[in-house]
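The values are calculated or read from the model by the stated rules, or taken from the named source; none is laboratory data. These numbers come from a predicted model, not from an experiment. Note that we place each Cβ from the backbone using ideal geometry, even for glycine, and neighbour counts take in every protein chain shown.
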Amino acid sequence: MTTEKPFAFSKTFDQEGTFQALYAAQNWLRDNGYSYGSTCRGEPIGVLKGDYVIAKWRNLTRQEINELDGVVSGCPRNGPIKVQLKEVPV
């Protein structure tokens, strides 16, 4: 991923159980005012601050990728999941 700004914040979720780390990451993002896209096999998931509908990674343009506030990466099924944001959440 090409970004204009490096990631300032990273948080890892390693809950055990099928999709549990992904669910924990999604809950954390929602609780902190972020929206996230759909999973796209082998690709990251886009994150934006606010209420947005975000396309799967493969359907995002280079400009849209650069405008993301962060990404979610890792193995959605078994974890761990890493959330990386361009700015530290308040």
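Structure summary
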{"quantity": "Residues of segment 12-28 satisfying the condition of being touching a Cys at 6+ places or on another chain (Cβ under 9 Å) and touching a residue at least 60 places away in the same chain (Cβ under 8 Å)", "calculated": "Ala21"}
{"quantity": "Hits in segment 41-52 (condition: more than 19 Å from Tyr23 (Cβ to Cβ) and in a loop (DSSP other than H, G, I, E, B))", "calculated": "Gly42, Gly50, Asp51, Tyr52"}
{"quantity": "Scope segment 63-79; condition of a type in the set (D, E, K, R), loosely packed, with under 15 Cβ neighbours inside 10 Å and within 19 Å of Phe7 (Cβ to Cβ); matching residues", "calculated": "Glu64, Glu67"}
{"quantity": "Residues located in segment 1-40, provided they are among the hydroxyl-bearing types (Ser, Thr, Tyr) and part of a loop (DSSP other than H, G, I, E, B)", "calculated": "Thr2, Thr3, Thr18, Ser38, Thr39"}
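Residues are listed down the side, and each one gets a yes or a no for (1) in contact (Cβ under 8 Å) with a residue 60 or more places away in the chain; (2) closer than 22 Å to Ala8 by Cβ; (3) acidic (Asp, Glu); (4) assigned to a strand (DSSP E or B):
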| position | (1), (2), (3), (4) |
| --- | --- |
| Ala55 | no, no, no, no |
| Gln63 | no, yes, no, no |
| Pro76 | no, no, no, no |
| Gln84 | yes, yes, no, yes |
| Glu87 | yes, yes, yes, no |
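Residue-wise test of (1) surrounded by 12 or more Cβ atoms within 10 Å (Cβ to Cβ); (2) at pLDDT 95 or above; (3) under 13 Å from Gly74 (Cβ atoms); (4) aliphatic (A, V, I, L, M).
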{"position": "Lys11", "(1), (2), (3), (4)": "yes, yes, yes, no"}
{"position": "Gln15", "(1), (2), (3), (4)": "yes, yes, yes, no"}
{"position": "Ala21", "(1), (2), (3), (4)": "yes, yes, yes, yes"}
{"position": "Ala24", "(1), (2), (3), (4)": "yes, yes, yes, yes"}
{"position": "Trp28", "(1), (2), (3), (4)": "yes, yes, no, no"}
{"position": "Glu43", "(1), (2), (3), (4)": "yes, yes, yes, no"}
{"position": "Trp57", "(1), (2), (3), (4)": "yes, yes, no, no"}
{"position": "Thr61", "(1), (2), (3), (4)": "no, yes, no, no"}
